[in-house]
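All remarks here apply to the structure that follows.
The values are calculated or read from the model by the stated rules, or taken from the named source; none is laboratory data. Everything numeric here is computed off the predicted structure, so don't read it as measured data. We place every Cβ from the backbone using ideal geometry, glycine too, and count neighbours over all the protein chains shown. All accessible areas refer to the heavy atoms of the entire protein, side chains included, with ligands and DNA or RNA removed. Shrake-Rupley method; radii C 1.70, N 1.55, O 1.52, S 1.80 Å.
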Amino acid sequence: MNIKCNVLIVALAFAVLFFNGSTYAEEYTCRGSVGIVILDNVRVPQGATCTLHGTQAQGTIYVEANATLRAYQVNVIGNVQAENAALIEVLSGSTVGGSIQIKQGGGARIDGVRIDSDLQFDDNHKNLIANRNTIGGNLQAFHNTGGLSITSNTIDGNLQCKENRPPPTGGDNIVKGSKEDQCANLSPAKNAKQPVTEDNLIGSWNIDSQAKLKVSKIGSGSKSHDSTIVFNQDGTFTLTETDSTLTYYYTGEWSLIKGKKISFAFDAAGQSELVNMLTNWSGQIATEKGFTITNISFSGITLTISQASIPKKTLVPRKMTIRVKGLISATLNGQDVVKRFSYINKVSFLNRQ
């Protein structure tokens, strides 16, 4: 009995030491979207797309070959490491306790991020952007061939650029160490008029939404709320609206037309989310008017989104308008009815985050 007890005690002690050991941090494999949660290490597997909104990574984010990472307002305790990745975006409100290392990949945008250590671009072949970051170490860019813009960064260490083709562009960087080689004289002429480009738009914007929904012979309602829209480097966007306890994510594609206007188009998921919002809101309006409504559906929908012009002086897009109209079918007070509806949302751009 004593021998068996001793063996059991030893086995239990070994198990405790083994499973509680710090070497066994869990890894989360990211495909799709992740919100406000706390994770250990995060891995974006080959070919996948991972979108993080307000996520905390207590370890390191690894991005594998041909994978895409979009990170908004994230807190990464360790590093962001990407090799042979398709696209890396780490945007405003994000913090990285270690370094951001992007090597032998496609494009990247690092904008409005606090990085405690280094930002490194090495041997990438698509457009790279480092804008408005606070960097505790060095910014290093070597052997990149897709174009590189370095603007308005505060760098505690050195700004080092070598063998990039074409050479880096940008300016207004505060560098406490030394500016070296290709980045020694990044100083564009002040007040020079520059054409509007996608780089002036990519990132997260605060917007104001003024929406109205009218359902024939049932009622109407108006809503006003602060929202955000994120323009991604690959030509996609996400418009986020929060209505009391509900949050809607409208997705689609955007493009810059002749450097003057932005064109928008919802994708299938964005249209589905729009119908989901209309279903919820029309149900609320009917209830407020004293109706009992069920089985809501829509048909004959037409959707139009106006283009937003971009003044060169401010580079803040002007208003765009989303219009939807069609037929709503429902069971109203026990009877099947078909009514016309119209929805309009006037979206005003406020400022870039």
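Considering segment 189-241 alone, what residues qualify as being more than 18 Å from Ala308 (Cβ to Cβ), modelled with pLDDT under 85 and either open to solvent by less than 30 Å² (accessible area, probe 1.4 Å) or outside any loop (DSSP other than H, G, I, E, B) (or both)?
His225 - this is the single residue of segment 189-241 that is more than 18 Å from Ala308 (Cβ to Cβ), modelled with pLDDT under 85 and either open to solvent by less than 30 Å² (accessible area, probe 1.4 Å) or outside any loop (DSSP other than H, G, I, E, B) (or both).
Search segment 151-184 for residues being on the phi > 0 side of the Ramachandran plot and part of a strand (DSSP E or B), and hand back the single one that is most open to solvent (accessible area, probe 1.4 Å).
Within segment 151-184, the subset on the phi > 0 side of the Ramachandran plot is 152, 163, 170-172, 181.
Narrowing further to those that are part of a strand (DSSP E or B): 170-171, 181.
Numbers: Gly170: 20, Gly171: 1, Asp181: 92 Å².
Only one residue fits best here, namely Asp181.
For segment 323-339, name all the residues that are of a type outside the set (Lys, Arg) and either outside any strand (DSSP E or B) or surrounded by 14 or more Cβ atoms within 10 Å (Cβ to Cβ) (or both).
Val324, Gly326, Leu327, Ile328, Ser329, Ala330, Leu332, Asn333, Gly334, Val337
Might you check whether a residue that is in contact with a His (Cβ under 6 Å, 6 or more places away or on another chain), closer than 23 Å to Ile150 by Cα and either crowded, with 23+ Cβ neighbours inside 10 Å or among the hydroxyl-bearing types (Ser, Thr, Tyr) (or both) occurs anywhere in segment 93-109?
no
Select from segment 63-87 the residues that are out of contact with any Asp or Glu (no Cβ under 9 Å at 6 or more places or on another chain) and either in a strand (DSSP E or B) or open to solvent by 20 Å² or more (accessible area, probe 1.4 Å) (or both) and list them in ascending order.
Matches in segment 63-87: Asn66, Gln73, Asn75, Val76, Ile77, Asn79, Val80, Gln81.
Would you tally the residues in segment 27-62 being open to solvent by 30 Å² or more (accessible area, probe 1.4 Å) and of a type outside the set (D, E, K, R)?
16
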